[in-house]
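The values are calculated or read from the model by the stated rules, or taken from the named source; none is laboratory data. Here the structure is a predicted model, which is why all the values come from computation and not from measurement. Reconstructed Cβ throughout: ideal geometry from the backbone, glycine too, with neighbour counts over all protein chains shown.
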């Protein structure tokens, strides 16, 4: 996808959507009810935008420049006008400007931003298949180590970007950390950071393993 276009902005303080991942949201503010209605009547896209820390509470609090457009793939209207929705990350973009609008919500002119694919071999000689396998193995071992067996398997059908983004979504990162990963322009860099993070967490778990009490949930020992 290329070329500038307009997207509706949904600025939130602790939410970062990644392409290929899904996110449930509860829409209750009147301005965002209107935004959702307009999206459902057109392209079903909403731009998820992370607010900057200490951005204030004015009409246009500051947001980061990179966002992710989410497609509304499920909509559950509630009796009082609120809605539960499910977004699927569609594409990454950069905000170019925020033109004046008569809508109660913000609109941005954006440029979709792609990401450089994995090279045939990374800096350590690993192929995309090697990186995918290392990521799946790391997530599986980490999930077992913290007692989250339901999160141990990454869907093999995902693209290279979808796979690492799905793994990132399971790591419980801070919003600013996830944003930094979203803003990376090379998939190789995103894989390297994620694999290093998983390895670091796993080393800490291994170090603490002898001190855990037996027969108790490893997440709490």
Would you be able to say whether some residue in region 174-188 is modelled with pLDDT of 95 or more, in a loop (DSSP other than H, G, I, E, B) and touching a strand residue (DSSP E or B) at 6+ places or on another chain (Cβ under 7 Å)? yes
Any hit, region 53-76, residues being in contact with a strand residue (DSSP E or B) (Cβ under 7 Å, 6 or more places away or on another chain), closer than 23 Å to residue 186 by Cα, assigned by TED's automatic domain parsing to the domain that holds residue 104 and outside any strand (DSSP E or B): yes
Verdict on residue 98 being closer than 14 Å to residue 11 by Cβ and in contact (Cβ under 8 Å) with a residue 12 or more places away in the chain: yes
Within region 48-82, the count of residues that are under 22 Å from residue 19 (Cβ atoms) and surrounded by fewer than 19 Cβ atoms within 10 Å (Cβ to Cβ) comes to 7
For region 141-154, the count of residues that are more than 26 Å from residue 90 (Cα to Cα), surrounded by 13 or more Cβ atoms within 10 Å (Cβ to Cβ) and free of Cβ contacts under 8 Å to residues at least 24 places away in the same chain equals 1
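State all residues of region 26-42 that are out of contact with any helix residue (DSSP H, G or I) (no Cβ under 8 Å at 6 or more places or on another chain) and in contact (Cβ under 8 Å) with a residue 24 or more places away in the chain; if no residue qualifies, say none. Spell out the reasoning first.
In the first step, residues of region 26-42 are kept if they are out of contact with any helix residue (DSSP H, G or I) (no Cβ under 8 Å at 6 or more places or on another chain); the result is 26, 28-42.
Residues satisfying the conditions are 26, 28, 30, 31, 32, 33, 34, 35, 36, 38, 39, 40.
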Can residue 20 be described as on the phi > 0 side of the Ramachandran plot and in contact with a helix residue (DSSP H, G or I) (Cβ under 9 Å, 6 or more places away or on another chain)? yes
Determine, yes or no, whether residue 150 is at pLDDT below 90, over 14 Å from residue 18 (Cβ atoms) and not assigned by TED's automatic domain parsing to the domain that holds residue 22. yes
Looking at region 83-92, can you tell me whether even one residue there is assigned to a strand (DSSP E or B), surrounded by 15 or more Cβ atoms within 10 Å (Cβ to Cβ), without any contact (Cβ under 8 Å) to a residue 60 or more places away in the chain and not assigned by TED's automatic domain parsing to the domain that holds residue 153? yes
Would you mind stating whether residue 36 is over 25 Å from residue 168 (Cα atoms), surrounded by fewer than 16 Cβ atoms within 10 Å (Cβ to Cβ) and over 16 Å from the mean Cα position of the chain (by Cα)? no
Please find, among 96, 122, 144, the residue that is within 22 Å of residue 198 (Cβ to Cβ) and not in a loop (DSSP other than H, G, I, E, B). 144
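Conditions (1) under 17 Å from the mean Cα position of the chain (by Cα); (2) surrounded by fewer than 16 Cβ atoms within 10 Å (Cβ to Cβ); (3) in a loop (DSSP other than H, G, I, E, B); (4) not assigned by TED's automatic domain parsing to the domain that holds residue 24, marked per residue:
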site: 103; (1), (2), (3), (4): no, yes, yes, no
site: 139; (1), (2), (3), (4): yes, no, no, yes
site: 156; (1), (2), (3), (4): no, yes, yes, yes
site: 197; (1), (2), (3), (4): yes, no, no, yes
